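Below you'll find the structure, written out as structure tokens, and then a few comments.
Here, each number is a calculation from the coordinates, and none is a lab measurement. Source: prediction; values computed, not measured. Cβ sites come from the backbone with ideal geometry, for glycine too, and all protein chains shown count toward neighbours.
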Amino acid sequence: MDGHDHAGPAHEGDRRLANGRREAEVLAVLRSASVPLTPREVLDRIGGDLAYSTVVTILTRLYDKDVLTRAAHGRAFAYAPATDEQGFAARKMHRAMEEAQDREGVLTRFVGDLSSGDEALLRRLLGGDLDTGR
């Protein structure tokens, strides 16, 4: 070893991974609920060792990312998913396309990497069998 401490960045990466897992856990709780939930209600359903302030931070971050909606509920907010799982995945795909400088290249690579079943599905959808739910 060179005598330098290299643990710092690894811990930061571990923390980001843990935060991603926590966000997924909070989102799963909200998706399984039939009504919007307050941070306290989310915490009660998650259990474990999370602090209330951690749940509020996670909810706020998810709201800031447009993953959740919120409405005033007494002195707190009640949160709900902004869309279902398919809608969220579609939004991520749209954001990726908006950020791409070479949209044709991105789409070409995307379609080229599809399984044969997914490619057939995409061809069927593009051929007019598209139910957007709108």
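Shape descriptor for the range 24-72: Rg over Rh equals 0.91 (Cα atoms; Rh from the Kirkwood inverse mean 1/r). The eigenvalues of the Cα gyration tensor, multiplied by 5 and square-rooted, give the range 85-126 an equivalent ellipsoid with semi-axes of 18, 15, 8 Å from largest to smallest. About its Cα centre, the dipole of the range 7-81 is roughly 140 debye, where the only charges are +1 on Lys and Arg Cβ and -1 on Asp and Glu Cβ.
For Asp66 and Val111, a Förster radius of 22 Å and the Cβ-Cβ distance give a FRET efficiency of 0.25, rounded to the nearest 0.05.
With the Cα gyration tensor of the range 38-134 giving a ≥ b ≥ c as the square roots of its eigenvalues, does the rule (a/c under 1.5 for rounded; else a/b larger than b/c for prolate; else oblate) give rounded, prolate or oblate? Prolate, because a/c is 1.5 or more and a/b exceeds b/c.
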